[in-house]
Amino acid sequence: QVQLVESGGGLVQAGGSLRLSCAASGRTFSVSTMGWFRQAPGKEREFVAAIIWSAGTRIYTDSVKGRFTISRDNAKNTAVYLQMNSLKPEDTAVYYCAVADRGTIVAGAYEYWGQGTQVTVSS
């Protein structure tokens, strides 16, 4: 199994920034992709960003391109970050870190999930 722990959520005004962190432990050798998803109240969980570990390839959903950056800690190859700039009220959601054993943005393909961290953007 893989355990994931997110941190860094909070309350921020529109236009502000937050940095989310996700630390993985356990059977991390099986991890191919680490991704971030979010779920707003009354909405389905949606893909935000992912990084394919071996190639460092980054993928973003259109609504966050140019504002969010996913990165990894090369020294600790089991940590991933999401730098969120120019935050908007519509970014308000619970953000989840997840891992998959292949390159994908499909939530159902991610086997392990963290507990989530709340991000609230006030207008």
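Between T69, T78, T61, the distinction of being open to solvent by 30 Å² or more (accessible area, probe 1.4 Å) and within 16 Å of A107 (Cβ to Cβ) belongs to T61 only. Among the candidates S86, S123, S54, single out the residue that is open to solvent by 30 Å² or more (accessible area, probe 1.4 Å), of a type in the set (S, T, N, Q) and in contact with a helix residue (DSSP H, G or I) (Cβ under 7 Å, 6 or more places away or on another chain). Answer to the selection: S123.
Screening A98 against (1) within 27 Å of S123 (Cα to Cα); (2) at pLDDT 95 or above leaves a single unmet condition, (1).
For the stretch 104-120, taking the residues that are touching a Phe, Trp or Tyr at 6+ places or on another chain (Cβ under 9 Å), open to solvent by 50 Å² or more (accessible area, probe 1.4 Å) and in a loop (DSSP other than H, G, I, E, B), the one that is nearest to V5 (Cα to Cα) is identified as Q115.
Residues that are of a type in the set (K, R), without any contact (Cβ under 8 Å) to a residue 24 or more places away in the chain and surrounded by fewer than 17 Cβ atoms within 10 Å (Cβ to Cβ) are absent from the stretch 14-21 altogether. Of all residues in the stretch 59-74, exactly one satisfies the criterion of being among the charged types (D, E, K, R), more than 15 Å from S86 (Cα to Cα) and free of Cβ contacts under 8 Å to residues at least 24 places away in the same chain, namely D73.
Of the residues that make up the stretch 45-59, is at least one polar (S, T, N, Q) and more than 13 Å from the chain's Cα centre (by Cα)? For the stretch 45-59, residues polar (S, T, N, Q) and more than 13 Å from the chain's Cα centre (by Cα): present. Reported count of residues in the stretch 68-109, each being touching a Ser or Thr at 6+ places or on another chain (Cβ under 7 Å) and among the basic types (K, R), is 1.
How about the stretch 89-98: which of its residues are open to solvent by less than 30 Å² (accessible area, probe 1.4 Å) and either of a type in the set (S, T, Y) or over 15 Å from R45 (Cβ atoms) (or both)?
The answer is Y95, and nothing else.
Here V48 qualifies as touching a helix residue (DSSP H, G or I) at 6+ places or on another chain (Cβ under 7 Å) and either farther than 17 Å from R72 by Cβ or open to solvent by less than 30 Å² (accessible area, probe 1.4 Å) (or both). Scanning the stretch 22-41 for residues that are farther than 19 Å from S86 by Cβ, at pLDDT 95 or above and surrounded by fewer than 17 Cβ atoms within 10 Å (Cβ to Cβ) yields a single hit, Q39.
The values are calculated or read from the model by the stated rules, or taken from the named source; none is laboratory data. On a predicted model such as this, the values are computed, not experimentally measured, just so you know. All Cβ positions, even for glycine, are placed from backbone atoms using ideal geometry, and neighbour counts span all protein chains on display. SASA here: full protein model, heavy atoms, side chains in, ligands and nucleic acids out. Shrake-Rupley method; radii C 1.70, N 1.55, O 1.52, S 1.80 Å.
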